[in-house]
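In what follows, a single structure is set out as structure tokens and then discussed.
The values are calculated or read from the model by the stated rules, or taken from the named source; none is laboratory data. As the structure is a prediction and not an experimental result, all values here were calculated from the model. Because the Cβ atoms are built from the backbone with ideal geometry, glycine has one as well, and the counts that use them run over all protein chains shown.
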């Protein structure tokens, strides 16, 4: 039975804390063996009913990426319009929220809602569990990337239906994550949104309750 | 800028592969400092708009756990009924799918759908992103537990509305994960559902496409 020592524990915590959401990429490509290790890490994520509902679409085509990028621009204009009159409007405009064209690789992570149909173990009461499993795979991939010095940025400001059309996803395949992948210009010490003054890190102790909502631990 | 060597890379991959979904627990409690490191790991997960939408409810009360356990029993009967006439019915019945009463600690991880309202950065097109962020925190916690020798089991066979009522969650707080936490009887080499013959590990190479759905990488 594998066990880990305190040194190995500290390695994990250093990786967790050094991980960033990356939007500024160098153009050099990620070696195949590095990419393989990242995908293997994702594939070892937990999944409801051991369903492994995920697929990975490696997007290198400039044409596909250009079309996704224009979805981002369209959606980001809509978002900016929501901040009209809000003092954060200029700050929002200054944020770089994707690296679709600069990153050497884009990666769509999808969830097959029909995998193992018709009986979905563990999903009778929580049908979204397969989507959640797919998220766990994304986090494994993100950490495996970080330890290789590879950056990952999650782009959520795109219309998922239009993205699905561009990627030719069948109806039962749901886009969970659209990621930009590549070597970053740098890994900053703090999240970009914290550095930019958008939002601070919350105090963990305020977020922990005991036995029911709102009751602080003794 | 923190970088990691190949030894540290291998530590991460060993942790990822040694993590299991645990249902058989010893009764001894998890020390406070271990639990704190697990929660800190979760708190360093990525989140959309740096929203940190999560809360953690530590459930030690036997009464609360008994009520959750009866939700499981109710839901599990419904699941079993779906397999009536299916050859996997007996196998399903033999699976241990939770450790609510045996584990010294239960942990509900929730998502505050109103945090940072009304402007939800990065959620205009994908409103579920805050739920996904909460899942990433769960995976960080799961890995931080594993490196301490602590087991985590995700229980999804419970009605989330009834669970929310027991935990007194306000309407804007959504249950994402109900976890059992404690030292496991053992960490098996393979997932329990694989060992039991429910499902095999898929071949990763069949799950990877290039540029669009269904196209194998060159």
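List of remarks:
- Which numbered condition residue B:72 misses (of (1) facing another protein chain (nearest Cβ under 10 Å); (2) within 17 Å of the chain's Cα centre (by Cα); (3) over 28 Å from residue A:124 (Cβ atoms)): (3)
- Within the stretch A:102-118, the set of residues being more than 17 Å from the chain's Cα centre (by Cα) and touching a residue at least 24 places away in the same chain (Cβ under 8 Å) comprises A:102, A:112, A:113, A:114, A:115, A:116.
- Criterion violated by residue A:79 - all others in (1) in contact with a helix residue (DSSP H, G or I) (Cβ under 9 Å, 6 or more places away or on another chain); (2) within 30 Å of residue B:88 (Cβ to Cβ); (3) surrounded by fewer than 24 Cβ atoms within 10 Å (Cβ to Cβ) satisfied: (2)
- Qualifying residue in the stretch A:21-33 (condition: touching a strand residue (DSSP E or B) at 6+ places or on another chain (Cβ under 8 Å), modelled with pLDDT of 95 or more, facing chain B (nearest Cβ under 9 Å) and surrounded by 13 or more Cβ atoms within 10 Å (Cβ to Cβ)): yes
- Residue list for the stretch B:151-162, restricted to those being touching a residue at least 60 places away in the same chain (Cβ under 8 Å) and buried (at least 21 other Cβ atoms within 10 Å of the Cβ): B:151, B:152, B:153, B:154, B:155, B:157, B:158
- Extreme residue, farthest from residue A:96 (Cα to Cα), among residues of the stretch B:33-68 that are assigned to a loop (DSSP other than H, G, I, E, B) and out of contact with any helix residue (DSSP H, G or I) (no Cβ under 8 Å at 6 or more places or on another chain): B:61
- In the stretch B:3-20, of all residues being surrounded by 13 or more Cβ atoms within 10 Å (Cβ to Cβ) and assigned to a loop (DSSP other than H, G, I, E, B), the one that is nearest to the other protein chains (Cβ to nearest Cβ) corresponds to B:4.
- Tallying residues that are without any contact (Cβ under 8 Å) to a residue 24 or more places away in the chain, in a loop (DSSP other than H, G, I, E, B) and at the interface with chain A (Cβ under 9 Å from one of its Cβ atoms) within the stretch B:189-218 yields 11.
- There is no residue in the stretch A:69-76 that is closer than 30 Å to residue B:20 by Cβ and surrounded by fewer than 21 Cβ atoms within 10 Å (Cβ to Cβ).
- Meets criteria (at pLDDT 95 or above, surrounded by fewer than 17 Cβ atoms within 10 Å (Cβ to Cβ) and in a helix (DSSP H, G or I)) for residue B:186: no
- Any hit, the stretch A:107-119, residues being modelled with pLDDT of 95 or more and farther than 30 Å from residue B:163 by Cβ: yes
- Whichever residue in the stretch A:163-183 is without any contact (Cβ under 8 Å) to a residue 40 or more places away in the chain and within 7 Å of chain B (Cβ to nearest Cβ) and, among such residues, is surrounded by the most Cβ atoms within 10 Å (Cβ to Cβ): A:168
- Any hit, the stretch A:15-32, residues being in contact with a helix residue (DSSP H, G or I) (Cβ under 7 Å, 6 or more places away or on another chain) and without any contact (Cβ under 8 Å) to a residue 60 or more places away in the chain: no
- In the condition set (1) surrounded by fewer than 20 Cβ atoms within 10 Å (Cβ to Cβ); (2) at the interface with chain A (Cβ under 7 Å from one of its Cβ atoms), residue B:62 is compliant with all but (2).
- Selection count, the stretch B:40-53, where residues are under 19 Å from residue A:216 (Cα atoms) and in contact with a strand residue (DSSP E or B) (Cβ under 6 Å, 6 or more places away or on another chain): 1
- Considering residues of the stretch B:99-114 that are in contact with a helix residue (DSSP H, G or I) (Cβ under 9 Å, 6 or more places away or on another chain) and over 25 Å from residue B:66 (Cα atoms) only, the residue farthest from the other protein chains (Cβ to nearest Cβ): B:113
- Considering the stretch A:115-150, the residues that are in a loop (DSSP other than H, G, I, E, B) and more than 8 Å from every other protein chain (Cβ to nearest Cβ) include one that is surrounded by the most Cβ atoms within 10 Å (Cβ to Cβ), namely A:150.
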